[in-house]
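Asker: Structure incoming, see below.
The values are calculated or read from the model by the stated rules, or taken from the named source; none is laboratory data. Treat the numbers as computed from the prediction; the structure is a model and nothing was measured. So basically every Cβ, Gly included, is an ideal-geometry build from the backbone, and we count neighbours across all protein chains shown. The area values use the complete protein model at the heavy-atom level, side chains included, leaving out ligands, DNA and RNA. Shrake-Rupley method; radii C 1.70, N 1.55, O 1.52, S 1.80 Å.
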Amino acid sequence: MDKKIITSEKAPKALGPYSVAVQAGMFFFTSGQLGLDPQTGNLVAGGIEAETRQALTNLRNVLADSGSGLEEVVKTSVFLKDMADFPKMNAVYAEFFPENPPARSTVQVAALPKDGAVEIEAVALVK
């Protein structure tokens, strides 16, 4: 099985020594996406809803540049700084996965890079 490193000009650069996404066989594994503006590298303004929307847009862009898409996602992991934000995150998440959503785990964490409110990673099928 080959491993292929995926990059995207439409998503924020990695904040450390890791790849934005990796293809292994028939799967893409993405690193967590924060609500970062790809142009500035800063968190978008507007709180949990805006950060969730941007994180999922970044995820969609990484998958598109990989040759996949949100419709091919089989599993996501959502990391929240505050579980009280779950309903707002969930409402935005539903906009991106309106039908046949992937399996998902959501956990609260002590902190996220750049003091983000949400981070989302995914496993998707290769088209």
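Asker: Test GLU51 against the criterion of being charged (D, E, K, R) and open to solvent by 30 Å² or more (accessible area, probe 1.4 Å), and give yes or no.
Answerer: Numbers: charged (D, E, K, R): yes; open to solvent by 30 Å² or more (accessible area, probe 1.4 Å): no.
The answer is no for GLU51.
Asker: Among the listed residues LEU70, LEU63, LEU56, LEU80, identify the single one that is within 13 Å of GLY32 (Cα to Cα) and either surrounded by fewer than 18 Cβ atoms within 10 Å (Cβ to Cβ) or touching a helix residue (DSSP H, G or I) at 6+ places or on another chain (Cβ under 6 Å) (or both). Please lay out each step first, then the result.
Answerer: Details: LEU70 fails: within 13 Å of GLY32 (Cα to Cα); LEU63 fails: either surrounded by fewer than 18 Cβ atoms within 10 Å (Cβ to Cβ) or touching a helix residue (DSSP H, G or I) at 6+ places or on another chain (Cβ under 6 Å) (or both); LEU80 fails: either surrounded by fewer than 18 Cβ atoms within 10 Å (Cβ to Cβ) or touching a helix residue (DSSP H, G or I) at 6+ places or on another chain (Cβ under 6 Å) (or both).
After applying the criteria, what remains is LEU56.
Asker: Which ones in the stretch 1-31 are within 24 Å of LEU125 (Cβ to Cβ), open to solvent by 20 Å² or more (accessible area, probe 1.4 Å) and small (Gly, Ala, Ser)?
Answerer: ALA14, SER19, ALA24, GLY25, SER31
Asker: Any idea which residue in the stretch 37-48 is surrounded by the most Cβ atoms within 10 Å (Cβ to Cβ), counting only those that are touching a strand residue (DSSP E or B) at 6+ places or on another chain (Cβ under 8 Å) and not hydrophobic (A, V, I, L, M, F, W, C)?
Answerer: If we filter the stretch 37-48 for residues that are touching a strand residue (DSSP E or B) at 6+ places or on another chain (Cβ under 8 Å), which is where we start, we get 37, 42-44, 48.
Then keep just the ones that are not hydrophobic (A, V, I, L, M, F, W, C); that gives 37, 42.
Values: ASP37: 14, ASN42: 11.
For the stretch 37-48, the residue satisfying everything is ASP37.
Asker: Tell me, which residue of the stretch 116-127 that is among the charged types (D, E, K, R) and either in a strand (DSSP E or B) or modelled with pLDDT of 95 or more (or both) is surrounded by the fewest Cβ atoms within 10 Å (Cβ to Cβ)?
Answerer: In this case the residue turns out to be GLU121.
Asker: Can you list residue pairs whose Cβ atoms sit under 6 Å apart, with the first residue in the stretch 26-52 being closer than 16 Å to VAL78 by Cβ and the second being open to solvent by 80 Å² or more (accessible area, probe 1.4 Å)? Count only pairs 6 or more apart in sequence or on different chains.
Answerer: SER31/TYR18; ILE48/LYS88; GLU49/LYS88
Asker: When PRO101 is evaluated against the numbered criteria (1) under 21 Å from LEU125 (Cα atoms); (2) within 14 Å of the chain's Cα centre (by Cα); (3) surrounded by 12 or more Cβ atoms within 10 Å (Cβ to Cβ), which criterion, by number, is the only one it fails?
Answerer: Failed condition: (2).
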